[in-house]
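For reference, the structure is listed below as structure tokens.
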Amino acid sequence: MITSAIIAHRGLSSLAPENTLAALKLAAAQGVQWVEIDAIALGDGTVVMWHDNSVDRCSNGTGPMSEHSASSIKDLDCGSWFSDAFNQERIVNIEQAVLQIQSLGLGLNLEIKLYENNAATVAAPVLAALQKHWQDFDKLIISSFDRTALDYCQLHAPHIQRGKLYNTIPSNWQDELKQLKAVSCHCHYQHLTAPLAAAIKAQGYDLYCYTANDPSSVNQHWQWGVDAMITDYPQRFLSTPEPIES
Ligand code: G3P
Ligand code: MG
């Protein structure tokens, strides 16, 4: 069960470089209670907190993740692309990320991205880090667009809550969420409709939307029953009055 209506996307990614320790710390400092991060595998099997399938956009390095290893990313600067103030930021592995989030007392929506990897390559290190360091499993949810990643988690760590990510929610959502024993359904905010939201809520699922950055664009979503909004700008939502129950 989600315990906060606002989730900082990739950490507080409007004020710090996404998926960095700085973005996590800033989220906590701004009063955010939950963060969303991405987990992906390098070529040597190291799983890192990172979104893209290459280091090009968010670091001073180049190349696909499959051609990188723990040693090749170690010294990459993943903060200067955002601002010089963050030039000390480095790509961190998932264990470091989980430890930081835990120590900040934040809730975590951890998104597994497989890209070309199989489920075990990414999910096994993620689950190992969570089993080792995570304490409050009510404040943790694993999500993924990749069904096989969630199947793997269901099999190997059934006690960890799962949510299925969609861009547009497909017609078979009910079967899929049931098979996954998911607790939540996550979709793009622009693709949600009132009847769909009502149907999902009627089945007892939590409903998350991403990535809404203008609070006025999702006024009606709260009325439809959306439980949590994933946003790059939690500060805009946190300074807005709480949504009013209809
Ligand atoms: O988990 C919601 C959102 O992060 C999914 O899209 O591409 O930003 O990881 P993306
Ligand atoms: Mg994500």
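General remarks:
- Choice from Glu176, Glu18, Glu36 showing the highest fluctuation, given a GNM over the chain with Cα pairs closer than 10 Å: Glu176
- Environment charge of Gly61, counting only residues whose C-beta is closer than 14 Å and scoring Lys/Arg +1, Asp/Glu -1: -3
- Estimated inter-spin distance, Gln203 and Glu176, nm [label 7 Å along Cα→Cβ]: 1.0 nm
- Computed from backbone phi, the HN-Hα couplings of the range 107-118 come to x, 9, 9, 9, 9, 8, 10, 8, 6, 8, 7, 7 Hz, rounded to whole numbers (Karplus: 6.51 cos²θ - 1.76 cosθ + 1.60, θ = phi - 60°; Gly and Pro given as x).
- Scoring 222-228, 132-138 by mean Cβ neighbours within 10 Å over their residues and listing the highest first yields 222-228, 132-138.
- Pairs from Lys139/Lys201; Lys74/Lys139; Lys74/Lys164; Lys139/Lys178 whose Cα-Cα separation, in the structure shown, is over 25 Å: Lys74/Lys139; Lys74/Lys164
- The distance between label points at Ser217 and Ala29 comes to 2.7 nm (points 7 Å beyond Cα on the Cα→Cβ vector).
- Per-residue ellipticity at 222 nm, computed for the chain from helices alone with -39500 (n - 2.57) per DSSP H run of at least four residues, works out to -8500 deg cm²/dmol.
- Here the Karplus relation 6.51 cos²θ - 1.76 cosθ + 1.60, evaluated at θ = phi - 60°, turns the backbone of the range 22-39 into coupling constants of 4, 5, 6, 5, 5, 4, 5, 5, 8, x, 6, 9, 10, 10, 10, 9, 10, 10 Hz, with x for every Gly and Pro.
- Three-way shape label, the chain, alpha-carbon gyration tensor, a/c 1.5: oblate
- Spacing of the modelled spin labels on Lys132 and Asn167, each 7 Å from Cα toward Cβ, amounts to 3.5 nm.
- Cα shape, the range 52-136, gyration tensor, a/c 1.5 rule: oblate
- The charge dipole of the range 36-108, taken about the Cα centre with unit charges on the Cβ atoms of Lys, Arg (+1) and Asp, Glu (-1), comes to about 100 debye, rounded to the nearest 20.
- The dipole here belongs to the range 67-143: it is taken about the Cα centre, uses +1 on the Cβ of Lys and Arg and -1 on the Cβ of Asp and Glu, and is about 220 debye.
Here, each number is a calculation from the coordinates, and none is a lab measurement. Quick caveat: nothing in here was measured; it's all calculated off a predicted structure. All Cβ positions, glycine included, derive from the backbone under ideal geometry; neighbour counts span all protein chains shown.
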